[in-house]
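Asks: Attaching a single structure in structure tokens format; questions to follow.
The values are calculated or read from the model by the stated rules, or taken from the named source; none is laboratory data. Remember, it's a predicted structure, so these values are computed and weren't measured experimentally. As a convention, Cβ positions derive from the backbone with ideal geometry for all residues, glycine included, and neighbour counts pool all protein chains shown. Note: accessible area is taken over every heavy atom of the protein model, side chains too, but ligands, DNA and RNA are not part of it. Shrake-Rupley method; radii C 1.70, N 1.55, O 1.52, S 1.80 Å.
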Amino acid sequence: MDFYYQPGSTPCRAVLMTAAALGIELNKKLLDVQGGENKTPEFLKLNPQHTIPTLVDGDFSIWESRAIMTYLVEQYGKDDDSLYPKCPKKRAIINQRLYFDMGTLYKSIAEYYLPQMMKKEAPNAEAYKKLETAFELLNTFLEGEKFVAGNDLTLADLAMFAMVSSLVAIGFDVSKYANVSKWYDYLSVNAPGAKENWEGCLITKKFVEERMPKQ
């Protein structure tokens, strides 16, 4: 399977950890987005939205990280893989967490950091409160639980771990969220592909530091 990606990309790293958890070897193809390689006619045939990550499995192509992650488990996982089990109730919780990751956690991160990075704006206190609220909710999800959707590692953990580890790399302090901190420390050592994920986080760190206004 061809996997078009950049190592610093949080969504790409979530897919890489999923592949590692499944024991799948991806044919990684580094895509120079800044250089426009994602807008060539050849790539647009694979993904008209010209985004990464993009997975090509034979004559089938799929993009959006969470869609790729669920596809990999459903296509190549075991009959009842705990990463994304077939039980409707368990799967519903995982789906809710994945939507939370996309629509609440990622959204709050983007709304706080992107204006600073792209427009050199000063930090926005209201946006930071929304970011804190997202982490408070994540902390609640983890109350009495080892993982974000119960007692087993799931796709929701890998998606959110990729996101949270990026934040940790750029200096966000998770220690005031006790459950999140414990979960993060565990996955930093035990998540499939954790080493490669952190190497990508350091690329993210450099990218962000080059663009954030000096305080």
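Asks: Please compute the contact order of the chain in relative form: average sequence separation of alpha-carbon pairs under 8 Å and at least six residues apart, divided by the residue count, as a percent.
Replies: Relative contact order, the chain: 26 percent.
Asks: Treating only the Cα positions of region 2-76 as identical point scatterers, give the base-10 log of I(q)/I(0) from the Debye formula at each q in 0.13, 0.20, 0.23, 0.26 Å⁻¹.
Replies: With one equal scatterer per Cα and no solvent, log10 I(q)/I(0) is -0.33, -0.79, -1.04, -1.31.
Asks: Would you compute, from DSSP H runs of 4+ residues alone, the mean residue ellipticity of the chain at 222 nm, taking -39500 (n - 2.57) per run and dividing by the full residue count, rounded to the nearest 500?
Replies: Calculated mean residue ellipticity at 222 nm is -18000 deg cm²/dmol.
Asks: Please compute the per residue accessible area over region 88-210 with all protein chains in place, 1.4 Å probe, rounded to a whole number of Å².
Replies: Here the residues of region 88-210 average 52 Å² of exposed surface.
Asks: Which residues make up the longest stretch of the chain that has no GluC sites (Glu not before Pro) in a DSSP loop with at most 11 other Cβ atoms within 10 Å?
Replies: The reported range is 26-142.
Asks: Taking all protein chains as present, what is the carbon and sulfur share of the accessible area of the chain, in % to the nearest whole number, probe 1.4 Å?
Replies: The C+S portion of the solvent-accessible surface of the chain is 54 percent.
Asks: Residues of region 129-154 with backbone nitrogen within less than 18 Å of a virtual label 7 Å along the Cα-to-Cβ line of PHE172, please, listed as ranges.
Replies: It comes to 129-143, 148-149, nothing else.
Asks: Let me know the shape class of region 126-184, please: from the alpha-carbon gyration tensor, a ≥ b ≥ c as square roots of the eigenvalues, rounded when a/c is under 1.5, otherwise prolate if a/b is greater than b/c, or oblate.
Replies: In terms of gyration-tensor shape, prolate.
Asks: If you count only protein heavy atoms and use a 1.4 Å probe, how large is the accessible surface of MET118, to the nearest 10 Å²?
Replies: Accessible surface of MET118 is approximately 130 Å².
Asks: Which of the lysines could a cross-linker span from LYS182 if the Cα-Cα distance has to be under 17 Å and same-chain partners fewer than 8 positions apart are dropped?
Replies: LYS146
Asks: Measuring from a point 7 Å past the Cα of GLU74 along Cα-to-C-beta, which residues in region 1-33 have an amide N at less than 12 Å?
Replies: No residue qualifies, since no backbone N sits under 12 Å from the label point.
Asks: Here is a follow-up. Hey, if we sort ASP101, ASP32, ASP80 by accessible area with the 1.4 Å probe, largest down, what's the order?
Replies: Correct descending sequence by accessible area is ASP80, ASP32, ASP101.
Asks: In addition: Quick test of the membrane-span-like rule: which DSSP H helices of the chain reach at least 20 Å along their long axis (C-alpha atoms) with mean Kyte hydropathy at least 1.6?
Replies: Those that clear 20 Å and a mean of 1.6 are 155-169.
Asks: So which of LYS29/LYS195; LYS120/LYS206; LYS45/LYS90; LYS28/LYS86; LYS86/LYS130; LYS130/LYS205 end up more than 25 Å apart by C-alpha?
Replies: Among LYS29/LYS195; LYS120/LYS206; LYS45/LYS90; LYS28/LYS86; LYS86/LYS130; LYS130/LYS205, the Cα-Cα distance tops 25 Å for LYS45/LYS90; LYS28/LYS86; LYS86/LYS130.
Asks: What Kirkwood hydrodynamic radius do you get for the chain when you take the inverse of the mean 1/r over all pairs of distinct Cα atoms, in Å?
Replies: 17.9
Asks: Then there's this: Report the full-extension gain for the segment LYS195 to LEU137: residue separation times 0.36 nm, less the Cα-Cα distance, to one decimal in nm.
Replies: Net length gain for the segment: 18.2 nm.
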